[in-house]
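Heads up: the structure comes next, in structure tokens.
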């Protein structure tokens, strides 16, 4: 029976690149190699460089503690998308020399050992070829492990030392794994319990009966036994190489006018859309990457309410280049390269016209897109409701086709916000007004939140001579925001008032000045 289990175990090659998230961040942000760097996720260190570890920074530390240990620490938010995108060229390069690569996570991938070993003349020769492949990408610190099962092969890759390659002979995985700590299993919930039971190494765990572990811990216990015993029969499932849907165009010499670049990119945009159509896809989110002659890269992701056509793609390139300028304006630096990449795609069948063609929504979309193409990206906007305490803060205008980004969410609780019904006229800039007592003095609010005198007269123009009698009023309702930030903090008292003409107003007293925020028409 033992022989049949060993035959089911896959001989695997694992390529592991230490500190890959740090490597990806350095490439993207052009950080110095000797600069201590920490990637932070939710206020906790996710990964750190060797220079940071030398000063006591480690994974799992809170950001404040990490900065106290290493004051010169460069803190960067962890971006998993950037992490995966940076590893994609590595996978593509490996697939050029040997097929069948399966990504495990960014920085780690696994292959079946049989094919590369037969082609290159042995497992060590195949591992050396993988290392040479990554050296060609200027990634010299890769490690390769070969063993029975992907788990043992990854542990071999992580324990190569200066040799960079470690091959565990066939059948030797149990002995190799035995002295390793149980934390290497990656079962965070199970590891503390195993230690309390006196099981500190994988060998201790493998010495127990499989049935007992399954009865005590369920499927997690059986998985822990399988990995610790070197019986990992996880199949290596090669990935399907992604279709090359992106398109790029290079300019030699670089072009220094917006209209020149726009005209030159039309053919590439048509090829880009044609490639998506051939693959049965449409692009709903487009990433445009522009590189100038000095090597600086400007990238932006554009959204679309339906799908990008070739003219839409050209428009986005033009808008990204010209900014606030015009189509015939010059550029600060000549453009050497433009790349178009689909950031999000959808099945083309979801965007086909109906039996009787497009409806009213389709005609509206084409009309607004045409106007936007002629006048500019921000010339056609749609209104959406954001979060906030003041009516003006909740009014958000978004360019047609974009989704609100960086806008406070309206469904969150906003203590101190204005209850329904909302005013019908909101002033973009609050208007100065005069709120007076019967004697003609300005009404104020004390530190205890009481008005100094009842409100008797009100002037919407701010001129006391224009004041009219007040029918009714209510308030004050204090609002204090961002008290922890001296530059953004705001404190005011809000009132509602109805003048003698029956017009209702939303007023605010900030400091000693009265303002009208909105009017209830």
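In segment 176-186, is there at least one residue being at pLDDT below 90, surrounded by fewer than 14 Cβ atoms within 10 Å (Cβ to Cβ) and outside any helix (DSSP H, G or I)?
Within segment 176-186 (the criterion being at pLDDT below 90, surrounded by fewer than 14 Cβ atoms within 10 Å (Cβ to Cβ) and outside any helix (DSSP H, G or I)), the answer is yes, since at least one residue qualifies.
Here is a list: 135, 129. Which entry is surrounded by fewer than 15 Cβ atoms within 10 Å (Cβ to Cβ) and farther than 28 Å from residue 186 by Cα?
Criteria check complete, one pass: 135.
Surrounded by fewer than 17 Cβ atoms within 10 Å (Cβ to Cβ), modelled with pLDDT of 85 or more, under 22 Å from residue 266 (Cβ atoms) and within 28 Å of the chain's Cα centre (by Cα) - does that describe any residue in segment 313-327?
Looking only at segment 313-327, we keep the residues that are surrounded by fewer than 17 Cβ atoms within 10 Å (Cβ to Cβ), and these are 323-327.
From what's left, modelled with pLDDT of 85 or more: none.
No, segment 313-327 contains no residue that is surrounded by fewer than 17 Cβ atoms within 10 Å (Cβ to Cβ), modelled with pLDDT of 85 or more, under 22 Å from residue 266 (Cβ atoms) and within 28 Å of the chain's Cα centre (by Cα).
Give the residues of segment 208-219 that are surrounded by 13 or more Cβ atoms within 10 Å (Cβ to Cβ) and either touching a helix residue (DSSP H, G or I) at 6+ places or on another chain (Cβ under 6 Å) or not in a helix (DSSP H, G or I) (or both), sorted by residue number. It would help to see each step written out before you state the result.
Just the residues of segment 208-219 that are surrounded by 13 or more Cβ atoms within 10 Å (Cβ to Cβ), to begin with: 208, 210, 213-214, 217.
Of everything in segment 208-219, those that are surrounded by 13 or more Cβ atoms within 10 Å (Cβ to Cβ) and either touching a helix residue (DSSP H, G or I) at 6+ places or on another chain (Cβ under 6 Å) or not in a helix (DSSP H, G or I) (or both) turn out to be 208, 210, 213, 214.
Could you check segment 406-446 and list, in sequence order, the residues that are touching a strand residue (DSSP E or B) at 6+ places or on another chain (Cβ under 9 Å) and on the phi > 0 side of the Ramachandran plot?
416, 440
List the residue pairs whose Cβ atoms are under 8 Å apart, where the first residue sits in segment 175-187 and is free of Cβ contacts under 8 Å to residues at least 24 places away in the same chain, the second is buried (at least 20 other Cβ atoms within 10 Å of the Cβ) and in a helix (DSSP H, G or I), and the two are 6 or more positions apart or on different chains.
Close Cβ pairs (under 8 Å, with a partner that is buried (at least 20 other Cβ atoms within 10 Å of the Cβ) and in a helix (DSSP H, G or I)) amount to 181/202.
Quick grid of which residues meet (1) in contact with a strand residue (DSSP E or B) (Cβ under 7 Å, 6 or more places away or on another chain); (2) closer than 30 Å to residue 293 by Cα:
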{"position": "178", "(1), (2)": "yes, no"}
{"position": "193", "(1), (2)": "no, no"}
{"position": "206", "(1), (2)": "no, no"}
{"position": "220", "(1), (2)": "no, no"}
{"position": "231", "(1), (2)": "no, no"}
{"position": "245", "(1), (2)": "yes, yes"}
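Checking residue 274 against (1) more than 30 Å from residue 94 (Cβ to Cβ); (2) assigned to a helix (DSSP H, G or I): exactly one of these is not met. Which one?
Checking residue 274 against (1) more than 30 Å from residue 94 (Cβ to Cβ); (2) assigned to a helix (DSSP H, G or I), the one that fails is (1).
Provide a single number: the residues in segment 447-459 that are buried (at least 16 other Cβ atoms within 10 Å of the Cβ) and out of contact with any strand residue (DSSP E or B) (no Cβ under 8 Å at 6 or more places or on another chain). Working first, answer last.
Applying the first criterion (buried (at least 16 other Cβ atoms within 10 Å of the Cβ)) to segment 447-459 yields 451, 455-459.
Within this subset, residues satisfying the condition of being out of contact with any strand residue (DSSP E or B) (no Cβ under 8 Å at 6 or more places or on another chain) are none.
Number satisfying all stated conditions: 0.
Taking the options 222, 189, name whichever one is part of a loop (DSSP other than H, G, I, E, B) and over 30 Å from residue 99 (Cβ atoms). So that I can check it myself, show each step before the final result.
Values: 222 fails: part of a loop (DSSP other than H, G, I, E, B).
Every option except 189 fails the conditions.
The values are calculated or read from the model by the stated rules, or taken from the named source; none is laboratory data. Since the structure is predicted, the reported quantities are computational estimates derived from the model, not experimental observations. Don't worry about glycine lacking a Cβ; one is built from the backbone with ideal geometry, like all the others, and counts go over all protein chains shown.
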